[in-house]
Amino acid sequence: MYDEILFPTDATKTDEKAVEDVSQIASLHDARVHVLHVVNESAVDALLSADPSADPERVEETLAEKGEEAASEVEQNCAEKGVETEVVIRQGRPEEEIVEYAESETPDLVVMATKKKPERYSDILGSVTETVMRSVDTRVMVVKTGEMTTT
């Protein structure tokens with residue numbers, strides 16, 4: 001049923017529950033997991049606005065390293081269950097990059113972690129998960145992972 005599974009990760013601790021779910025599903029179906037992390041250009045811009053003296057390349061490298069670390073943890077979790085993975089790091093707007101990747105690689109399933117956010121948060125910023133769900137032509141499984149902290 002599932003041969004290729006896309007798992008976008010934002011490199012937060014809230015992904016842990018979804019990592020467990022995606023690795024179990026992949027193991028049951030002998031599927032390969034595409035682990036996609038997008039270095040969010042909005043986060044880069046925000047960090048540079050907060051510290052104009054920061055080196056833009058260093059900020060991007062640091063965020064990419066965090067994404068690679070998160071992807072490596074997913075890869076390790078999958079390997080423990082005998083699941084093959086492919087790690088991809090991109091830069092841009094997460095919702096656009098995820099949709100573009102899904103369109104080009106045509107996975108059988110997209111598994112996304114989502115956090116409960118304050119109501120105004122989604123009203124103002126929208127939801128990457130919601131955009132992906134509405135934009136891709138494949139099944140999307142959403143794993144609720146708890147509440148987003150505002151500290």
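Can you spot a residue in region 23-33 that is modelled with pLDDT of 90 or more and among the acidic types (Asp, Glu)? Yes - at least one qualifying residue is present in region 23-33.
What's the total number of residues in region 42-58 that are surrounded by 11 or more Cβ atoms within 10 Å (Cβ to Cβ), among the aliphatic types (A, V, I, L, M) and free of Cβ contacts under 8 Å to residues at least 12 places away in the same chain? Number of matching residues: 3. Kindly provide the set of residues from region 1-52 that are among the aromatic types (Phe, Trp, Tyr) and more than 21 Å from residue 72 (Cα to Cα), ordered by number. Hit for region 1-52 is 2, nothing else. Of all residues in region 75-94, those that are in contact (Cβ under 8 Å) with a residue 24 or more places away in the chain have Cβ atoms under 6 Å from Cβ atoms of residues that are of a type in the set (D, E, K, R) and in a strand (DSSP E or B), 6 or more apart or on another chain, in 84/32. For region 1-24, the tally of residues that are part of a loop (DSSP other than H, G, I, E, B), under 26 Å from residue 91 (Cβ atoms) and of a type in the set (A, V, I, L, M, F, W, C) stands at 1. On inspection, residue 46 fails the criterion of being at pLDDT below 90, hydrophobic (A, V, I, L, M, F, W, C) and touching a helix residue (DSSP H, G or I) at 6+ places or on another chain (Cβ under 9 Å). Scanning region 75-116 for residues that are assigned to a strand (DSSP E or B) and within 14 Å of residue 135 (Cβ to Cβ) yields 110, 112. Of all residues in region 101-116 being among the small types (Gly, Ala, Ser) and at pLDDT 95 or above, which is surrounded by the most Cβ atoms within 10 Å (Cβ to Cβ)? So the residue we want is 102.
Could you list, in sequence order, all residues of region 79-100 that are touching a helix residue (DSSP H, G or I) at 6+ places or on another chain (Cβ under 9 Å), over 17 Å from residue 4 (Cα atoms) and surrounded by 14 or more Cβ atoms within 10 Å (Cβ to Cβ)? Across region 79-100, the qualifying residues are 89, 90, 91, 92, 93, 94, 95, 96. From the list 27, 72, 53, 49, the one residue that fits, being in a loop (DSSP other than H, G, I, E, B), of a type in the set (S, T, N, Q) and out of contact with any Cys (no Cβ under 6 Å at 6 or more places or on another chain), is 53.
For region 33-46, the set of residues classified as over 16 Å from the mean Cα position of the chain (by Cα) and either of a type outside the set (A, V, I, L, M, F, W, C) or assigned to a loop (DSSP other than H, G, I, E, B) (or both) consists of 45 only.
The values are calculated or read from the model by the stated rules, or taken from the named source; none is laboratory data. From a predicted model like this one, the values you see are computed outputs, not experimental measurements. Please note: Cβ atoms are built from the backbone with ideal geometry, for glycine as well, and neighbour counts cover all protein chains shown.
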